[in-house]
Each structure stands twice: as structure tokens, then as C-alpha cells.
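Everything on this sheet refers to the single structure shown next.
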Amino acid sequence: MSDRIGDAHPADELFGAHDLDHDGLDLHHHDDPDLHAADPFAHEEVLGADHHDEILAVNSRRELRSRRARRKGRRGLVLLVVLALLGGAGYFGYTVLKPLLSGGGSTDYPGPGTDAVSFLVKDGDTGRTMASNLQNAGVIKTAKVFVDAFSAEPKSAAIQPGEYALKKEMRAADALAILIDPKNRQAPKVTIREGLWASEVYAVLSKATGKPLTDYEAAAKDAAALGLPTSAKGNIEGYLFPATYEFSSKNSAAEQLRTMVAKTISELTKLGVTAEQSPRVLTIASIIESEASRAEDRPKVARVILNRLALPMRLQLDSTVSYGVKHRALTTTDAERADKNPWNTYVNDGLPAGPISNPGASALTAALTPADGSWLFFVATNPEFGETKFATSQADHDANVAEFQAWCRKPENQGKCAR
């Protein structure tokens with residue numbers, strides 16, 4: 001088919017059935033000799049006006065095709081430019097409008113916050129680290145806003161490691177203000193009371209920090225790593241000072257025990273106790289801690305221990321029996337008192353093999369400053385209130401023991417003493 005714009009051009013029909021060279025001229029040779037005259041204008045005369053019109057028609061068609069091609073080229077270029085502009089505008093619009101369309105146009109939450117979050121700042125955390133952790137915890141919307149606020153606030157450098165109570169979806173500035181104020185620091189606290197066995201201390205620490213109990217048992221075997229003096233002979237009992245500590249899951253079991261041992265050594269040093277003296281002092285103090293609940297009775301218990309050792313006379317203390325068989329109770333059985341373990345002072349002379357608990361400051365002081373007196377016996381006549389009576393003779397002591405037994409027989413105390 002012919003290329004057309006509107007109606008068919010006459011030249012289309014004229015050259016439709018002829019073979020044309022690249023100039024559109026007829027290449028067939030005619031046999032009429034008159035068409036080969038020597039006159040250079042003869043050919044033009046023969047063709048006449050009709051042939052001239054045909055040539056013009058061919059040229060017009062060629063020009064039409066050329067213009068059409070140029071128009072197509074221009075339209076293609078314009079189309080490419082338009083598409084490029086639309087593509088760029090689309091990308092720009094996407095990047096700008098996406099946060100708005102998704103409800104995230106702001107880089108910060110309006111506050112004041114929603115659900116409570118416990119946030120931990122670790123030793124060595126930088127502003128960027130905190131920002132990343134806060135964003136991951138859902139406290140702040142973007143880390144950059146917090147980093148900018150952190151950098152602009154000189155007090156940021158004073159943020160202390162520990163746990164802080166924050167909320168989800170807080171303003172970055174509000175979160176920073178809480179972290180800056182040391183009063184908001186909620187470091188996990190673990191209280192170790194006086195008189196616990198080492199195994200009981202491990203259980204308290206494990207529950208508070210989430211560390212496995214076996215971690216503490218394993219750590220306790222490395223005396224050198226814990227800082228125990230050589231005189232302790234690897235025994236940690238007595239060296240876990242009762243106090244309130246700031247321990248969390250980020251502290252290893254070894255770190256926790258090492259801190260407690262260091263506290264004990266520090267307290268002993270303040271009292272003038274050397275490393276070589278510490279096992280004996282701690283052993284006596286641990287008995288005092290286990291036998292006397294009232295501070296005024298502790299120096300007297302210390303005196304009873306020293307008086308018996310001086311005679312010599314076996315201590316015969318139920319607290320040492322309980323520790324040896326690892327069973328806590330107000331009373332002991334005949335079988336337990338006959339048990340031949342190295343802590344049982346019913347069957348062994350002198351002090352037990354080592355401390356039987358972890359004593360506090362009051363018991364340590366009592367061990368070093370015993371009361372004056374000649375007592376050889378004592379018994380808790382009213383365990384509920386910690387009332388303890390002392391005696392210098394067996395007869396007086398037997399009377400005190402009878403008083404204790406009467407307390408045990410009271411209906412309200414049934415089952416507290418029987419084994």
C-alpha cells in the first residue's frame with residue numbers, strides 16, 4: 001500500500017507499476033529512434049509538460065516522507081523527555097510522599113509515650129549505640145533525632161550504665177532527659193542477707209539475674225579468679241559478704257562472686273584482720289551469725305565459743321550440725337549429731353573445718369570484740385523473738401533447755417521443733 005496523508009497523491013499511481021532507480025526516473029529504453037535526437041532539449045520536448053509534472057510529483061513525495069520522518073523523530077524525542085520528566089517526578093513524589101502516605105512524615109513521636117519499656121544502658125555505650133537500641137526497642141522513631149539531641153546536650157556524657165524505665169513512642173528529647181537524670185537509674189539490686197550458705201547465695205543470685213545456678217557453682221571453683229586468699233584453701237564459704245549489690249544479667253557469675261569476695265576482704269581489712277587470720281575470724285563470725293539473731297547477744301555467743309575452746313571443750317553447736325548435713329531446722333536429730341563430717345562440733349574438737357555461713361559486719365565485730373563473761377552454754381528459749389539465755393553451769397543450762405522445750409510444746413508452735 002502507498003503511504004498517504006489524506007487523499008492519494010497522483011504520483012502514487014504514476015509510479016506504482018514502474019521500476020525506478022534511486023532518483024525515481026524510468027530506466028526502460030524506448031525503441032522509437034525519434035526519441036534519440038542530438039538536440040539536448042529534444043528529450044524534454046518529447047516528454048513535455050506531463051513528464052515535468054511527474055518529476056515534481058516524485059520530489060514532492062520524497063519531501064513529504066522526509067518531513068514525516070522528521071516529525072516522527074521529534075515526537076519520539078519529546079516523548080522520551082516527557083517520560084524522563086514523569087519518571088523523575090514520580091520518584092521524587094514517591095520519596096517525598098511515602099512517609100506522609102504511610103503516616104510517618106515526622107521523624108519523631110509526639111509523645112508522651114505508651115507501654116512501659118525497661119531500657120538497659122551498658123558500659124561503653126555511645127550516643128549512636130543508645131539511639132539504635134532505643135529505636136529497635138520502639139522507644140524513639142528515628143535514631144538521628146536522638147543523636148542530634150544527644151550531641152547538643154553536654155550532660156549526655158554523664159549518662160550512667162543501668163536500667164531505666166521508658167515508654168514506647170516517646171519524644172527523643174524526653175527519652176534523653178530521663179537517661180541524663182541519675183535519679184531515674186534503676187540498676188537491678190540483689191540483696192544477700194546475713195547467714196546464708198554459699199549454695200543459698202547462688203540460688204538468690206541466679207533468681208535475680210537469670211544466670212544458671214551451675215554458672216555460680218563452676219565459678220566458685222576458681223579461687224584465684226575470685227580473689228580468695230590462699231589461706232582460704234579454695235573455700236568460698238564465708239567470703240560472700242551479705243549486702244545489697246547491683247547485679248544484672250550483664251554481670252557474669254564470676255564477676256558477681258568476685259565483687260562479693262572483694263567486699264568481704266575490704267570489710268576484714270577495715271577491722272584489721274589479715275589474710276592469714278581471715279579463715280578463723282570468719283568461721284567464728286559465721287557461728288555467731290547462725291546462732292544469735294539479736295545484736296546484743298552476739299558478743300556473748302562469741303565469749304562462749306572462746307571459753308569452750310580455751311578449756312578445751314567441744315562446742316556442740318547445732319548450727320554446725322545443720323551445715324554439715326545441709327539441712328536447716330530448729331533442732332537436730334541424734335543421727336545428725338553423730339554424723340562424722342568435718343563441720344560437726346559434736347564429734348570434732350575445736351572449730352568446724354571452715355565457715356558455716358556468710359556473716360555480716362555485726363557478727364564480724366562480735367567475733368573480734370567478745371563480751372566479758374564466764375558463760376559456757378546458751379540456748380534460744382524463744383526462737384520466734386530471738387530470745388537467748390546464757391549459763392555458766394550445766395544445771396542452769398538444763399533449765400534453759402526445758403524452757404525452750406516448753407515453747408516447742410505450745411499448740412501454736414507444733415511442728416516447728418519436732419523432726
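The values are calculated or read from the model by the stated rules, or taken from the named source; none is laboratory data. Keep in mind that this is a model prediction, so the values were computed, not measured. Quick reminder, even Gly has a Cβ in these numbers, built from the backbone with ideal geometry, and neighbours come from all protein chains shown.
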Only one of (1) within 43 Å of the chain's Cα centre (by Cα); (2) in the same structural domain as residue 385 (by TED's automatic domain parsing); (3) within 30 Å of residue 408 (Cβ to Cβ) fails for residue 282. Which number is that? (3)
Against the conditions (1) surrounded by 15 or more Cβ atoms within 10 Å (Cβ to Cβ); (2) more than 30 Å from residue 415 (Cα to Cα); (3) among the charged types (D, E, K, R), where does residue 337 fall short? Just the number, please. (2)
Residue pairs qualifying under the 8 Å Cβ cut-off, at least six apart or on distinct chains, with the first in the stretch 320-334 being farther than 18 Å from residue 349 by Cα and the second being in a helix (DSSP H, G or I) and hydroxyl-bearing (Ser, Thr, Tyr), are 326/199; 328/322; 329/322; 332/322
Of the residues in the stretch 284-310, how many are surrounded by 20 or more Cβ atoms within 10 Å (Cβ to Cβ) and not in a helix (DSSP H, G or I)? 1
Of the residues in the stretch 180-199, those that are over 20 Å from residue 112 (Cβ atoms), surrounded by fewer than 17 Cβ atoms within 10 Å (Cβ to Cβ) and not β-branched (Val, Ile, Thr) come to 182, 187, 189, 193, 199
Here is a list of conditions, (1) assigned to a loop (DSSP other than H, G, I, E, B); (2) without any contact (Cβ under 8 Å) to a residue 40 or more places away in the chain, and residue 111 meets all of them except one; can you say which number that is? (2)
How many residues does the stretch 164-174 hold that are assigned to a loop (DSSP other than H, G, I, E, B), surrounded by 15 or more Cβ atoms within 10 Å (Cβ to Cβ) and out of contact with any helix residue (DSSP H, G or I) (no Cβ under 9 Å at 6 or more places or on another chain)? 1
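Do we find that residue 199 is outside any loop (DSSP other than H, G, I, E, B) and in the same structural domain as residue 240 (by TED's automatic domain parsing) in this structure?
Details: outside any loop (DSSP other than H, G, I, E, B): yes; in the same structural domain as residue 240 (by TED's automatic domain parsing): yes.
When the stated conditions are applied, residue 199 passes them.
Please verify whether the stretch 350-360 includes one or more residues that are within 45 Å of the chain's Cα centre (by Cα), in a helix (DSSP H, G or I) and closer than 30 Å to residue 270 by Cβ.
Of the residues in the stretch 350-360, the ones within 45 Å of the chain's Cα centre (by Cα) are 352-360.
Those left that are additionally in a helix (DSSP H, G or I): none.
No - not one qualifying residue is present in the stretch 350-360.
What residue, of 177, 149, is of a type in the set (A, V, I, L, M) and buried (at least 17 other Cβ atoms within 10 Å of the Cβ)?
Numbers: 177 fails: buried (at least 17 other Cβ atoms within 10 Å of the Cβ).
When all the criteria are applied, what remains is 149.
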Residue 126 vs. criteria surrounded by fewer than 18 Cβ atoms within 10 Å (Cβ to Cβ), of a type in the set (Ser, Thr, Tyr), out of contact with any helix residue (DSSP H, G or I) (no Cβ under 7 Å at 6 or more places or on another chain) and over 29 Å from residue 254 (Cβ atoms): no
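Scan the stretch 151-163 for residues that are under 21 Å from the mean Cα position of the chain (by Cα) and not in a loop (DSSP other than H, G, I, E, B) and jot them down.
Selection gives 156, 157, 158, 162, 163.
Only one residue in 330, 317, 376, 351 is at pLDDT below 95, at negative phi and out of contact with any Leu (no Cβ under 6 Å at 6 or more places or on another chain). Which one? Give the steps one after another, and end with the answer.
Numbers: 317 fails: at pLDDT below 95; 376 fails: at pLDDT below 95; 351 fails: at pLDDT below 95.
Answer to the check: 330.
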Step by step: first the residues of the stretch 341-376, then only those that are without any contact (Cβ under 8 Å) to a residue 60 or more places away in the chain and among the aromatic types (Phe, Trp, Tyr), then the one that is surrounded by the fewest Cβ atoms within 10 Å (Cβ to Cβ). Which residue is that? 346
